[in-house]
1. All but one of (1) open to solvent by 80 Å² or more (accessible area, probe 1.4 Å); (2) closer than 24 Å to Ile18 by Cβ hold for His112; state the number of the condition that does not hold.
2. Which of the residues that make up the stretch 52-71 are crowded, with 21+ Cβ neighbours inside 10 Å and within 12 Å of Phe7 (Cβ to Cβ)?
3. Go through Ser40, Ser36, Ser82 for me and flag whichever is within 13 Å of the chain's Cα centre (by Cα) and among the hydroxyl-bearing types (Ser, Thr, Tyr).
4. Considering each of Phe50, Phe78, Phe108 in turn, give the residue that is modelled with pLDDT of 95 or more, of a type in the set (Phe, Trp, Tyr) and closer than 13 Å to Asn126 by Cβ.
5. In the stretch 96-109, what count of residues is obtained for those that are surrounded by 14 or more Cβ atoms within 10 Å (Cβ to Cβ), under 21 Å from Tyr45 (Cβ atoms) and either of a type in the set (S, T, N, Q) or touching a Leu at 6+ places or on another chain (Cβ under 7 Å) (or both)?
6. Report yes if Ser128 is assigned to a helix (DSSP H, G or I) and within 26 Å of Ile3 (Cα to Cα), otherwise no.
7. Among the candidates Ile19, Ile88, Ile46, Ile30, single out the residue that is among the hydrophobic types (A, V, I, L, M, F, W, C) and open to solvent by 60 Å² or more (accessible area, probe 1.4 Å).
8. State the number of residues belonging to the stretch 53-75 that are under 21 Å from Ile120 (Cα atoms) and in contact (Cβ under 8 Å) with a residue 12 or more places away in the chain.
Amino acid sequence: MQILKFFPLVLSGFISGIIIYQSLLIAPSINKLLSSQDASLYLRYIWPKFFIVIGILSLLCFICISLFNSNQNTAKIFSISSVVLMIICYLAIPSMNQAKDSLNESLFMILHFGSIILTIITLLMNFSIFIFWKY
């Protein structure tokens, strides 16, 4: 049971690692290695899964904190906020794809930049869980 008290820290570490790995290594590499059409297909395939995985891990984090660490209010807020932000990013994908397909670059850039900002906020919140954790 004692290990479950610290499981949210492991989950937050996974979330942070996934965001950094995908955003800094995978996505830029794909754009350099594949043609724009192939990169588009691959990124449209992988990004929804990215948001779903982070959302699920954030939800598990929230559940673990709620069950085993009820005094960790800041961590609870950050983990449930991560779930909400990833749902927003996931739901924006069809509009982002439509904007790109219809050559509406300004709408695409707004939606894309928004998803980047929400992902960075999610990363910062998951880093902050370590900072605000009450040992």
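1. Evaluating His112 over (1) open to solvent by 80 Å² or more (accessible area, probe 1.4 Å); (2) closer than 24 Å to Ile18 by Cβ leaves (1) as the failure.
2. Leu57, Cys61, Phe62, Cys64, Ile65 - these are the residues of the stretch 52-71 that are crowded, with 21+ Cβ neighbours inside 10 Å and within 12 Å of Phe7 (Cβ to Cβ).
3. Ser82
4. Result of the check over Phe50, Phe78, Phe108: Phe78.
5. 3
6. Criteria met by Ser128.
7. The match here is Ile88.
8. 11
The values are calculated or read from the model by the stated rules, or taken from the named source; none is laboratory data. What you see is a predicted model, and the numbers here were worked out from it, not measured in a lab. No Cβ is skipped: glycine too gets one built from the backbone with ideal geometry, and neighbour counts run over all protein chains shown. Quick note on the areas: whole protein, heavy atoms, side chains included, nothing else; ligands and nucleic acids left out. Shrake-Rupley method; radii C 1.70, N 1.55, O 1.52, S 1.80 Å.
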